């Protein structure tokens, strides 16, 4: 298996590396006019502001799950992973309520630490193994 080498996280600013990571797709279909009626920039800004103290937010060009646009993947913290948490992929996140449910879950600890709101079951999907590798640490 191929392992990517990463630089050490900078100290002093932003959440530590052991926090939850929220990856927001903003490529091919997600974050584009293909999903009408949603202010994509406002959604991203709202997510960034809401989880700034609890999680790391990153933007991906394309997570290759276009049929589920807009896609958000929530990866557990180190503590959450030790408790059995695994990445959760959420699709069709095209309304403010869904984004608020995701941020509330992340603020509570995310995968492995806190149970997601039941409504998020409607958004969860399992991507293919090839797609899941996009988020591997």
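The values are calculated or read from the model by the stated rules, or taken from the named source; none is laboratory data. If you're wondering where the values come from, they're calculated on a predicted model, not measured in any experiment. Neighbour counts run over all protein chains shown; Cβ positions are idealised from the backbone, glycine included.
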**Complete:** Selection from the stretch 102-115 of residues free of Cβ contacts under 8 Å to residues at least 60 places away in the same chain, over 18 Å from residue 52 (Cβ atoms) and within 13 Å of the chain's Cα centre (by Cα) yields none
**Message:** Name the residue that is nearest to residue 30 (Cα to Cα), counting only residues in the stretch 44-61 that are in contact with a strand residue (DSSP E or B) (Cβ under 9 Å, 6 or more places away or on another chain) and surrounded by fewer than 16 Cβ atoms within 10 Å (Cβ to Cβ).
**Reply:** 61
**Message:** Considering only the stretch 110-119, I want to know if a residue exists there that is closer than 21 Å to residue 19 by Cβ and part of a strand (DSSP E or B).
**Reply:** no
**Prompt:** If only one of 74, 88, 93 is touching a helix residue (DSSP H, G or I) at 6+ places or on another chain (Cβ under 7 Å), in contact (Cβ under 8 Å) with a residue 24 or more places away in the chain, within 14 Å of residue 21 (Cα to Cα) and surrounded by 15 or more Cβ atoms within 10 Å (Cβ to Cβ), which one is it?
**Reply:** 74
**Message:** Six or more apart or on different chains, Cβ atoms under 6 Å: show the pairs whose first residue is in the stretch 12-25 and part of a loop (DSSP other than H, G, I, E, B) and whose second is at pLDDT 50 or above and crowded, with 20+ Cβ neighbours inside 10 Å.
**Reply:** 18/77; 19/55; 19/77
